[in-house]
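J.: One structure follows; several queries about it will come next.
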Amino acid sequence: MPLTPAEKQKNYREKLKANNPEKYEEIKKNAAENALRHKKQIDETNENCKNVIRLKQLENSKTSTDSEEASMMRQNTAEYTPRKRVEKFISENISHIETPKKEVIKQKLLEHDVLTEALKLEMKSSNQAEKKNIQKSFEK
């Protein structure tokens, strides 16, 4: 039976570790640097993602005060989802419209909200050349 890619990779690493430990350590070091380079800081993400990241960090630590804080964070995160924001906007501003039209409006607002957040995040994390390309694509 042929080896899976994971098994092939494991065998390669074991051979490399046994035959050429310097190269193995160099590859390991480069992988760690690459992971750090691509890791996003909490500051670089949008508000909803910040709450999710903080929630995961709090859940990873196992103290009782952290779990209380994690439950509060979970509630706050649920309030900031795009769907919740759209539903809140519709209920506050256009409650007089009939239900079938509300569903269409809700879908369009949700798409707009998600695309806007994605573009904001992309613009925040891109360099000047990428920003210009994004802006050019909207000018067409």
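Residue by residue, here is whether (1) of a type outside the set (D, E); (2) farther than 30 Å from H38 by Cα; (3) surrounded by 13 or more Cβ atoms within 10 Å (Cβ to Cβ) holds:
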position: P82; (1), (2), (3): yes, no, yes
position: K88; (1), (2), (3): yes, yes, no
position: S95; (1), (2), (3): yes, yes, no
position: K102; (1), (2), (3): yes, yes, yes
position: Q107; (1), (2), (3): yes, yes, no
position: Q128; (1), (2), (3): yes, no, no
position: F138; (1), (2), (3): yes, no, no
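J.: I've got another one for you. Taking E59, is it surrounded by fewer than 11 Cβ atoms within 10 Å (Cβ to Cβ) and modelled with pLDDT of 65 or more?
T.: no
The values are calculated or read from the model by the stated rules, or taken from the named source; none is laboratory data. Owing to the predicted nature of the structure, the values given are computational and were not obtained by experimental measurement. Note that we place each Cβ from the backbone using ideal geometry, even for glycine, and neighbour counts take in every protein chain shown.
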